[in-house]
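The values are calculated or read from the model by the stated rules, or taken from the named source; none is laboratory data. Note that this is a predicted model, so its numbers are computed, not measured. Note: ideal-geometry Cβ built from the backbone for every residue, glycine included; neighbour counts use all protein chains shown.
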Amino acid sequence: MQDETETTTARRNFYGRIHGKTLRPAQKVYLSEDLDSLRPRGVTRAENPEREPVDPAGIFGDDRAVWLEVGFGGGEHLVHMAARYPGIGIIGAEPYVNGIAMLLGKIRAAGVENLAVHPGDARDLLEVLPEASVAKAFLNYPDPWPKRRHHRRRFVTQDHLILLARVMRPGAEFRIATDIPDYVRQALKEVPKAGFELVLESAEPWADWLSTRYEQKALREGRAPHYLTFCRP
């Protein structure tokens, strides 16, 4: 979960943490040596001011199914899914540099080759992915923004969800995991408005779930996980 820090772009506000503790030497190496080859081109506004579509086949080299994880934290779930489903292309979007560095180290260790990493705001990626190009999306333990006046900063608002719905295929699955009951409330209210249908609300995780460090912290602190599954009709 991210600290409450605000940065501003020319087009929109981004709320969240970009930098954290000083990176370890190895993490700096990962960023300098590995990130550029994993980063999809044409996502940023500087690279693609006209917001032309970015074909996922150009990212992964073929027409494989594409999944998306929004805000991958330290990357453990992202790498787990990539290793479990090697025939799937998975894109992770995360602006937090320390989390990106942790992910790159995990990618090296696991040797997975079916991941792409967008080091920035997921909305920039959602703007340029083609319509109906994503087969599954994950939102795991997103920043809760607990203060009521900050609820509009949550991912489960129309500003984000309409963009997500546009890129999701018919029948695509959208999973949300959170330990915050009010986040569940807002998701149940807002996600269907954007064109999704609720499939399942459960206290039990998905069969292929990998518990993240944020979930383990929640469990240690006595907060119960919630798992929501939505479908794009």
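Descriptive notes on the structure:
- The one condition in (1) closer than 25 Å to Leu103 by Cα; (2) basic (Lys, Arg); (3) buried (at least 19 other Cβ atoms within 10 Å of the Cβ) that Arg232 fails to fulfil: (1)
- Across region 60-97, the number of residues qualifying as surrounded by fewer than 20 Cβ atoms within 10 Å (Cβ to Cβ) and β-branched (Val, Ile, Thr) comes to 2.
- Number of the exception - Pro233 against (1) modelled with pLDDT of 95 or more; (2) out of contact with any Gly (no Cβ under 9 Å at 6 or more places or on another chain); (3) assigned to a loop (DSSP other than H, G, I, E, B): (2)
Listed here are the residues, each with its yes/no results for (1) without any contact (Cβ under 8 Å) to a residue 40 or more places away in the chain; (2) within 28 Å of Arg213 (Cβ to Cβ).
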site	(1), (2)
Ser32	yes, yes
Glu47	yes, no
Arg51	no, no
Phe60	no, yes
Asp63	yes, no
Val70	no, yes
Gly73	no, yes
